[in-house]
């Protein structure tokens with residue numbers, strides 16, 4: 001298996017000029033015109049030798065499957081079903097795409113029947129989880145039925161969301177009628193978001209979300225305080241819809257914000273502690289990609305899968321910084337054990 005390009009294959013320092021970008025793969029001399037403002041997957045910016053579109057700070061595979069670890073016929077069939085439901089997958093081949101990262105990690109556990117072990121890592125719970133394997137939902141897609149996940153669709157409808165623009169967790173783990181885990185995965189993007197501006201018509205969201213009876217049962221503040229002032233719009237929607245869906249179906253609920261070790265260190269306080277009404281039936285938790293990486297030996301994954309994931313996470317890059325240096329995606333254990 002060929003792993004996606006990362007720290008071992010990419011130049012530690014980018015080579016760019018005012019007008020050109022040299023291919024980021026070590027030793028390649030191909031140069032393309034320099035992209036500006038927004039990333040474009042256009043042949044003008046393609047290195048044919050390595051099959052990647054180039055910008056000064058990152059790259060994207062022409063074949064998005066090159067960015068994925070699991071891409072046999074069964075995997076591709078699953079992704080085709082997801083693509084028929086998910087709003088967009090056009091960035092799946094990009095170096096910094098969180099969807100590709102989510103697939104590479106979560107799918108590894110699904111393939112080997114170890115999703116419960118993943119749920120234990122994400123939630124920090126073991127004995128509180130039901131026995132057996134949960135159903136996994138990628139981006140609101142029910143892979144068994146080949147359609148949009150009905151449980152989430154009902155919640156979206158309850159709060160006035162259209163499925164085409166609705167809230168969806170990156171992954172959900174569900175034991176029907178018992179336990180529901182929403183995973184909001186972040187890679188390079190922050191967890192803080194605000195509602196988009198709607199200048200041409202009245203904004204119905206303060207009423208459809210904040211005016212719903214469940215809102216005051218789920219939160220300790222108003223829609224404006226949480227979504228606008230505190231910039232917790234995305235997490236607010238996931239907590240609102242997930243807690244309603246779980247309660248309606250007699251299940252406990254967990255919302256997990258999966259982030260990098262260096263990021264969102266206080267999100268449990270800023271969002272969970274300050275705004276969420278939590279109890280034994282519903283909890284918010286921050287988890288990190290590095291936690292999963294560290295605890296791979298405890299998960300029961302096969303040696304082959306564990307080795308692939310270990311190499312992938314160790315080698316994963318996160319593009320070039322403003323000084324032109326390649327960034328390592330995940331903090332090595334030596335850095336984390338040495339303190340901040």
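Observations, loosely collected:
- Test: residue in the range 226-233 that is within 21 Å of residue 258 (Cβ to Cβ), modelled with pLDDT of 95 or more, in a loop (DSSP other than H, G, I, E, B) and out of contact with any strand residue (DSSP E or B) (no Cβ under 7 Å at 6 or more places or on another chain): yes
Yes/no per residue for (1) in contact with a helix residue (DSSP H, G or I) (Cβ under 7 Å, 6 or more places away or on another chain); (2) within 24 Å of residue 154 (Cβ to Cβ):
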| residue | (1), (2) |
| --- | --- |
| 213 | no, yes |
| 219 | yes, yes |
| 251 | no, yes |
| 262 | no, no |
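- Just one of the listed residues (119, 155) is within 16 Å of the chain's Cα centre (by Cα) and buried (at least 20 other Cβ atoms within 10 Å of the Cβ), namely 119.
- Where helices (runs of 4 or more DSSP H) fall wholly inside the range 81-160, the ranges with 3 or more residues that are in contact (Cβ under 8 Å) with a residue 40 or more places away in the chain and under 22 Å from residue 3 (Cα atoms) are 98-111.
- Taking each residue of the range 313-325 that is at pLDDT below 95 and looking for partners that are surrounded by fewer than 19 Cβ atoms within 10 Å (Cβ to Cβ) and in a loop (DSSP other than H, G, I, E, B) with beta-carbon atoms closer than 9 Å, six or more apart or interchain, yields nothing.
- Checked against (1) in a loop (DSSP other than H, G, I, E, B); (2) within 21 Å of residue 120 (Cα to Cα), residue 210 meets all criteria but (2).
- Among the numbered conditions (1) at pLDDT 95 or above; (2) in a loop (DSSP other than H, G, I, E, B); (3) within 26 Å of the chain's Cα centre (by Cα), the only one that residue 27 does not meet is (3).
- Residue 116 meets each of the listed conditions (1) at pLDDT 95 or above; (2) out of contact with any helix residue (DSSP H, G or I) (no Cβ under 7 Å at 6 or more places or on another chain); (3) more than 24 Å from residue 244 (Cα to Cα) apart from (3).
Residues checked against (1) touching a residue at least 12 places away in the same chain (Cβ under 8 Å); (2) under 19 Å from residue 190 (Cα atoms); (3) part of a strand (DSSP E or B):
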position: 250; (1), (2), (3): yes, no, no
position: 253; (1), (2), (3): yes, no, yes
position: 257; (1), (2), (3): yes, yes, yes
position: 263; (1), (2), (3): yes, yes, no
position: 270; (1), (2), (3): yes, yes, no
position: 297; (1), (2), (3): no, no, no
position: 300; (1), (2), (3): yes, no, no
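- The residues in the range 166-179 that are within 17 Å of the chain's Cα centre (by Cα) and not in a loop (DSSP other than H, G, I, E, B) can be counted, and the count is 3.
The values are calculated or read from the model by the stated rules, or taken from the named source; none is laboratory data. A quick note: this is a predicted structure, and the numbers were derived from the prediction, not measured. All Cβ positions, glycine included, derive from the backbone under ideal geometry; neighbour counts span all protein chains shown.
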